[in-house]
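The values are calculated or read from the model by the stated rules, or taken from the named source; none is laboratory data. From a predicted model like this one, the values you see are computed outputs, not experimental measurements. Heads up, the Cβs are rebuilt from the backbone with ideal geometry, glycines too, and the neighbour counts pull from every protein chain shown.
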Amino acid sequence: MSALARWLAIAALAAAGAAYLAFSHLLTIAERPSTLMLALGVTPLSAMALLAAWHAPQRWLALGLLGALALAVGIYLEDLRNHINWLYFAQHAGSMGLLAITFGSTLGSGDANALCSRVTRLMLAGPPDPVYMRYTWKVTWVWTVYFVASGVLSVGLFFFGPLTLWSYFANLLTPVFVGLMFVVEYLVRVRVLPDREHFSIAATIKAYRSYDQQR
């Protein structure tokens, strides 16, 4: 693939992602979305859930539970249309909580076993550097704090603030904040560890995906 084709593909994916986020915001604040809007809104989440179930250790159990959930959605479709914001809230707050547990649960196993340290080891050409591993442990801690804070803020805005404000935060600002976290972490890493091996943001994201597939 040429460089131009690669950049065009990235631009197309970015545009599609931005369009979906904007659509999610409109769907969340809609009083009674149409069945078509509802179907379009849950399709990406359903596809990701199906993929995760297919790769789960207990595949058929996971697929069975997913099928039962799909049946429940079909039965209570009208209720879901009237409370679509709850679906997006459960998705956002649940994701933040799950990510906080995923990152935070690795903090007590030593510097080299923190989640960001494990991912970094996949990219290092040589043995892990203790100083680098200590830094990546701190990065894991920062991500954990971010996910906890994001989850708490999501709950607070959803229950005690206007729905539109919560939707802006969950559907539009959260992806921006996550992107900024990667950018700031990279800049800090280059500054505090100038003589160590560094990796691009794209390489780091690719390593996270590889680590997730190996688990």
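Keeping to segment 80-114, report how many residues are free of Cβ contacts under 8 Å to residues at least 40 places away in the same chain and either buried (at least 17 other Cβ atoms within 10 Å of the Cβ) or more than 14 Å from the chain's Cα centre (by Cα) (or both).
Initially, segment 80-114 is screened for residues free of Cβ contacts under 8 Å to residues at least 40 places away in the same chain, giving 83, 86, 90, 94-95, 98, 101-102, 105-114.
From the residues that got through so far, the ones that are either buried (at least 17 other Cβ atoms within 10 Å of the Cβ) or more than 14 Å from the chain's Cα centre (by Cα) (or both) too are 83, 86, 105-114.
Matching residues across segment 80-114 total 12.
Being assigned to a helix (DSSP H, G or I), within 18 Å of residue 102 (Cα to Cα) and at pLDDT 90 or above is the requirement here; does residue 148 meet it? Before you say what the answer is, go through the steps one by one.
Numbers: assigned to a helix (DSSP H, G or I): yes; within 18 Å of residue 102 (Cα to Cα): yes; at pLDDT 90 or above: yes.
So residue 148 fits the description; yes.
If we keep just the residues of segment 131-167 that are surrounded by 14 or more Cβ atoms within 10 Å (Cβ to Cβ) and among the polar types (S, T, N, Q), which is farthest from residue 105 (Cα to Cα)?
In this case the residue turns out to be 167.
If I filter segment 177-215 down to residues being part of a helix (DSSP H, G or I), under 22 Å from residue 96 (Cβ atoms) and among the charged types (D, E, K, R), which single residue comes out as modelled with the highest pLDDT?
Per the stated criteria, the residue is 185.
Among the helices (runs of 4 or more DSSP H) confined wholly to segment 26-91, which include 1 or more residues that are modelled with pLDDT under 70 and under 22 Å from residue 154 (Cα atoms)?
Working: elements: 35-54, 59-75, 77-82.
Fully inside segment 26-91 and qualifying: 35-54, 77-82.
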